[in-house]
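Notes follow the structure.
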Amino acid sequence: MNPTEISDALEAISTAPFDPAEFGYDFAAATGNAKATVSRLRPGKRTLNKSKISGAVLMNRRYYYIPAEPGQADAAMELLLSDKKTIQHKPEILIATDGQDVVARHPASGDTLRCSFVDLHHHFGFFLPAAGMSRFKAAEENEVDIKATGKLAKLYDALLKKNPDWATEDRRHDLNQFMTRMIFCLFAEDVGIFPKDQFSRLIVNHSGEKGVEAHLVIRDAFAAMNLPKDSRGHLPAWTQELEYVNGGLFSGRPDCPVFDPIAWGYLLDAAGEDWRKINPDIFGSMIQSIADAKRRSELGMHYTSVPNILKVLGPLFLDDLDAAIEKAWDRPNALEKLLTRLGRIRVFDPACGSGNFLVVAYRQLREREMKVIKRLVDLTGQSLMKLSSTLSLSSFHGIEITDFGAETAKLALFIAEYQANAEMSEMFGAATETLPLRDGGHIVCANALRVNWEEVCPPPKGEEEVYIAGNPPFLGDGSRSAEQNADMDFALKGKIDAYRRVDFVACWMFKAANYIRGKSARSALVSTNSICQGQAVGALWPSLLTDGVEIGFAHQTFKWRNNASANAAVMCVIVGLRNTSKGEKRLFNGDLEVRANNINAYLLDGPDLFVSATPRSIFGLPYMEYGNKPTDGGHLILSPSERTELLEEYPEAAKFVKRFMGSQEVVKGIERYCLWISDEDAEEAASIPLLRTRFDAVAKFRSESKAAQTRPSAAYPHRFRQAQNFAKNHSILIPSVTSERRPYLPVDRVGADVISSNLNQALYDAPEWCLALIASRLHLVWIGTVCGRLESRFRYSNTLGWNTFPVPRFTQAQLEQLNASARMILKTRYMHHPKTIAELYDPDKLPDDLREVHRQNDELLESMYIGRPFRNDTERLEKLFKLYAARVEKLKSEPKKGAA
DNA sequence: CATCCGACACAGA
DNA sequence: TCTGTGTCGGATG
């Protein structure tokens, strides 16, 4: 059961009259327990009920319910709290009620809920632990970081405005480098790497009124920081004061853009910020938010927010460490061992960009190390002999394709180390030396798809542990460069069939799976959700989940978000891979966590099953066709006004014009037309000047196409490029991409005068019961699961969705019933004319009569599957998958009989 | 030949 | 600038 279903079940309980004797069992059913389990809770010889209190129900590790006398809910709760059984059987939730008031408690955290009985379902979140689910608390982003980033972005914009010549491709690198240096200096003078405010004081003192000389002064300052103090003879005397930093950061041209009063003001603003509180985690953020929006998607400029990074690192290894620390808490020997273990952990980000993952991982590990050391000191009463961390930056490995990113990553790691050391000295009272910069982390500037990862991050030996984490680039097949395709060939050719169909990120998934296989290593990568959907599932996953690799945890689809000003538009998942293990499998959805028996390639708790595309229905459903694809640059399409103009001037063109429907036209009732001309009529049509112009435009558009298949179609510009299909009597049209918010998939029946575009799937002259199937809840659940998505939108596919949709063998009578049901749906819609499908199926506005007709349609159809309606979507999907698997198995054994 | 996809594209508040 | 919701035609097996 999912949380919504639990909420619904609780609502059913809270709206019915309270029965103290039944509540305990109803609650068990509402929290996802099978009927058989519920009945075994009832009194009997081998009852599962562990409570000795009369009327109470205690289910091991789940919940403990006690009925209360009127007004005595609190007293009843006390009784539960003092019961030894509560400690022994560790129920997640205690619940006491008299039918008026509810008192519930989560013993592990001590959280208490009080509400009235009728409001029970409004608090379903509180009861989720009783269903084996728990709340997952995401980390939040730091406000100081956001503020500082904003100031830097303004500075950057102002500098670009004043120095337009820096906007070119190669100069932008210089500007980015200038910004990185600036950030470092502002940070260094606040945290004590430099003397307090030294850098800004020198700049302000020597830059003159409103910063007119700032570019010269900053240039000299940067040059000085790249030179030991005794080799600065050619520089102004005041630079002598500055520290020698080096570390690659200040090598290269020390160029500086010219400041105007506005930019100067922003620089002073930024200098006034307290940079001590800045997370080095956000270096990437700073760089992304200041870099050109159009180039964002390139070269790892998509930085991952700290909350999202923790979604990866937590289940990957931090949560395990926390559990180990807790276990060792009172035992000095065990704590010592943990310190050794920390030193043996290596983190590897094969797409590290500016190093966010590595920095966060480093800081999280240092935090835990400190906690352990502190506990050791407390336990043993001795002060610590050595004061260096067992964690070394050299345990942090990264691959980054741009030199700038790699430099930033090293710098960010350095800052992170500096901060952690400072914290440590503060706690134990000792100092650490910092300048000049040492090498920060093992960051390699290389193409991750071309290099051998084992050379960048040597495989773990003995008790070493390697954790691969990161957020590689996402690029679909339409957006990859020739070079990236070549990289993909290099990484996947001969290893995965149809690899070009899946996203670029799959290369990292594959290499990560190969790296960890059979080793003391795990991986978790942020990815576009498309690799766990539709065609990618069958193409990619069978070769990942092989030879002992399994999904250990996963975050289901969530919207990409970071603090950059314009966010990338994409939905993400996180997939954690490991070698087969008995350890628990964790499945996250937003802030909810569920323990799963198995996590399959769809990131669902279910058996490993890959639904793959089929050209015909394997259950004997009518043939569904892909609509007509114009590829015309818009020239064969007419708006209503264009049509009117055409027909006013050339009435004889009327026979060439037809209604034209894509997804929007079906869903929103938009009116549109197209030119639909047979080859025989081509000459006649071309004699109409207005049409001739359009044909010429089509021919030009097609001949200039970069798709080899399109160019020859310039020879027949009067016709759509692909397919010439239409109905004799009527068509059932199913829009291919539609909103996921509607309670049913949009589908409509139209006359033979309508031409469908390639944005619909079409059933031509098919029986009406097809519409009853498509408009059912069952079908929506199937499509939503096995087809791809556009972000989160449904994407209807004939090959993946319709042709695989499991149906029972219908009798003729049943088909008649479904025909009638389909007609009823259409009739009910007509009664709301002229409301469009979009209006009618708005989730908040579905009219009662239409809702009822759909309910009946669902009930009718579902009874044909299992003799009654399904309880919920989980049950629907289970049944559908079972039918699908059985059918596929059968087809394997009798391949000749194929599609029915 | 027939699709499945898009670190999207675009309209409308 | 954010939210809601589907265009369009290339690249691909």
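Residues in the range A:201-218 that are open to solvent by 20 Å² or more (accessible area, probe 1.4 Å) and assigned to a helix (DSSP H, G or I): A:R201, A:V204, A:N205, A:H206, A:E209, A:K210, A:H215, A:L216.
Pick out the one residue from A:V102, A:V118 that is in contact with a Ser or Thr (Cβ under 9 Å, 6 or more places away or on another chain), open to solvent by 50 Å² or more (accessible area, probe 1.4 Å) and among the β-branched types (V, I, T).
On the way: A:V102 fails: open to solvent by 50 Å² or more (accessible area, probe 1.4 Å).
After ruling out the rest, the residue left standing is A:V118.
All of (1) more than 16 Å from DNA strand C (Cβ to nearest atom); (2) open to solvent by 60 Å² or more (accessible area, probe 1.4 Å); (3) in contact (Cβ under 8 Å) with a residue 40 or more places away in the chain hold for A:R616 with one exception: (1). When you go through (1) within 16 Å of DNA strand C (Cβ to nearest atom); (2) buried (at least 16 other Cβ atoms within 10 Å of the Cβ) one by one for A:L609, which number turns out not to apply? For A:L609, the exception is condition (1).
Please enumerate the residues belonging to the range A:836-870 that are assigned to a loop (DSSP other than H, G, I, E, B) and either in contact (Cβ under 8 Å) with a residue 12 or more places away in the chain or exposed (fewer than 13 other Cβ atoms within 10 Å of the Cβ) (or both). If you could, list the steps in order and put the result at the bottom.
In the first step, residues of the range A:836-870 are kept if they are assigned to a loop (DSSP other than H, G, I, E, B); the result is A:836, A:841-847, A:867-870.
Once the filter is applied, which keeps residues that are assigned to a loop (DSSP other than H, G, I, E, B) and either in contact (Cβ under 8 Å) with a residue 12 or more places away in the chain or exposed (fewer than 13 other Cβ atoms within 10 Å of the Cβ) (or both), the range A:836-870 yields A:T836, A:Y841, A:D842, A:P843, A:D844, A:K845, A:L846, A:P847, A:G867, A:R868, A:F870.
Only one of these conditions is not met by A:N628: (1) within 13 Å of DNA strand B (Cβ to nearest atom); (2) open to solvent by 20 Å² or more (accessible area, probe 1.4 Å). Which number is it? The number of the failed condition is (2).
In summary, A:L621 fulfils each of the numbered conditions (1) within 21 Å of A:A524 (Cα to Cα); (2) open to solvent by less than 30 Å² (accessible area, probe 1.4 Å); (3) of a type in the set (A, V, I, L, M, F, W, C) with the single exception of condition (1). Of A:W508, A:W560, all but one fail to be over 27 Å from A:F805 (Cα atoms), within 19 Å of the chain's Cα centre (by Cα) and within 16 Å of DNA strand C (Cβ to nearest atom); the exception is A:W560.
Going residue by residue through the range A:775-785, is there one that turns out to be under 22 Å from A:A820 (Cβ atoms) and within 13 Å of DNA strand C (Cβ to nearest atom)?
Taking the range A:775-785 first, the residues under 22 Å from A:A820 (Cβ atoms) are A:775-780.
Retained after the next criterion (residues that are within 13 Å of DNA strand C (Cβ to nearest atom)): none.
Taking every residue of the range A:775-785 in turn, none turns out to be under 22 Å from A:A820 (Cβ atoms) and within 13 Å of DNA strand C (Cβ to nearest atom).
Each residue in the range A:688-715 was checked for being open to solvent by 10 Å² or more (accessible area, probe 1.4 Å), more than 38 Å from the chain's Cα centre (by Cα) and either within 14 Å of DNA strand B (Cβ to nearest atom) or not hydrophobic (A, V, I, L, M, F, W, C) (or both), and 9 of them qualify. Listed by first and then second residue, the pairs with beta-carbon distance under 7 Å, at least 6 apart or on different chains, first residue in the range A:732-747 and over 13 Å from A:S797 (Cα atoms), second more than 6 Å from DNA strand C (Cβ to nearest atom) and among the polar types (S, T, N, Q), are A:E740/A:S792.
Could we say that A:E336 is free of Cβ contacts under 8 Å to residues at least 40 places away in the same chain and surrounded by fewer than 18 Cβ atoms within 10 Å (Cβ to Cβ) here?
Values: free of Cβ contacts under 8 Å to residues at least 40 places away in the same chain: no; surrounded by fewer than 18 Cβ atoms within 10 Å (Cβ to Cβ): yes.
So A:E336 does not fit the description; no.
Within the span defined as the range A:577-600, every residue fails to be open to solvent by 50 Å² or more (accessible area, probe 1.4 Å), within 15 Å of DNA strand C (Cβ to nearest atom) and part of a strand (DSSP E or B).
Would you check which residues across the range A:505-514 are open to solvent by 10 Å² or more (accessible area, probe 1.4 Å) and within 14 Å of DNA strand B (Cβ to nearest atom) and list them? It would help to see each step written out before you state the result.
In the first step, residues of the range A:505-514 are kept if they are open to solvent by 10 Å² or more (accessible area, probe 1.4 Å); the result is A:508, A:510-511, A:514.
Passing the criteria: only A:W508.
Would it be correct to say that A:N579 is over 26 Å from A:M1 (Cβ atoms) and in contact with an Asp or Glu (Cβ under 9 Å, 6 or more places away or on another chain)? Answer is yes for this residue. State yes or no: is A:N562 farther than 28 Å from A:E463 by Cα, within 13 Å of DNA strand B (Cβ to nearest atom), free of Cβ contacts under 8 Å to residues at least 40 places away in the same chain and assigned to a loop (DSSP other than H, G, I, E, B)? For A:N562, the condition - farther than 28 Å from A:E463 by Cα, within 13 Å of DNA strand B (Cβ to nearest atom), free of Cβ contacts under 8 Å to residues at least 40 places away in the same chain and assigned to a loop (DSSP other than H, G, I, E, B) - is not met. In a residue-by-residue description of the range A:515-523, the property of being in a strand (DSSP E or B), open to solvent by less than 10 Å² (accessible area, probe 1.4 Å), more than 16 Å from DNA strand C (Cβ to nearest atom) and not aromatic (F, W, Y) applies to at least one position. Here A:E550 meets the list (1) in a loop (DSSP other than H, G, I, E, B); (2) at pLDDT 95 or above; (3) surrounded by fewer than 20 Cβ atoms within 10 Å (Cβ to Cβ) almost entirely, failing just condition (1).
Do the conditions hold for A:E648, that is, is it away from DNA strand C (no atom under 16 Å from the Cβ), more than 22 Å from A:V781 (Cα to Cα) and open to solvent by 40 Å² or more (accessible area, probe 1.4 Å)? Step through it out loud before you land on a result.
Details: away from DNA strand C (no atom under 16 Å from the Cβ): yes; more than 22 Å from A:V781 (Cα to Cα): yes; open to solvent by 40 Å² or more (accessible area, probe 1.4 Å): yes.
Judged against the criteria, A:E648 is a match.
Criterion applied to A:F656, A:F660 was being at pLDDT 95 or above, more than 16 Å from DNA strand B (Cβ to nearest atom), open to solvent by less than 50 Å² (accessible area, probe 1.4 Å) and within 13 Å of A:H718 (Cβ to Cβ), and the one residue passing it is A:F656. Just give me the residues in the range A:482-511 being in contact with a Lys or Arg (Cβ under 7 Å, 6 or more places away or on another chain) and assigned to a loop (DSSP other than H, G, I, E, B), in sequence order. Result: A:F504, single match. All of A:I6, A:I53 fail the test of being among the β-branched types (V, I, T), closer than 25 Å to A:G110 by Cα and open to solvent by 40 Å² or more (accessible area, probe 1.4 Å), apart from A:I53.
Per-residue answers, yes or no, for (1) more than 30 Å from A:M571 (Cα to Cα); (2) open to solvent by less than 20 Å² (accessible area, probe 1.4 Å):
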site	(1), (2)
A:P717	yes, no
A:S776	no, yes
A:V781	no, yes
A:L790	no, no
A:R795	no, no
A:W802	no, yes
A:F805	no, yes
A:F810	yes, no
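The values are calculated or read from the model by the stated rules, or taken from the named source; none is laboratory data. A quick note: this is a predicted structure, and the numbers were derived from the prediction, not measured. Methodologically, a virtual Cβ is constructed for each residue, glycine included, from the backbone with ideal geometry; neighbour enumeration extends over all protein chains shown. Remember, those area values only see protein heavy atoms, side chains included, never the ligands or the DNA or RNA. Shrake-Rupley method; radii C 1.70, N 1.55, O 1.52, S 1.80 Å.
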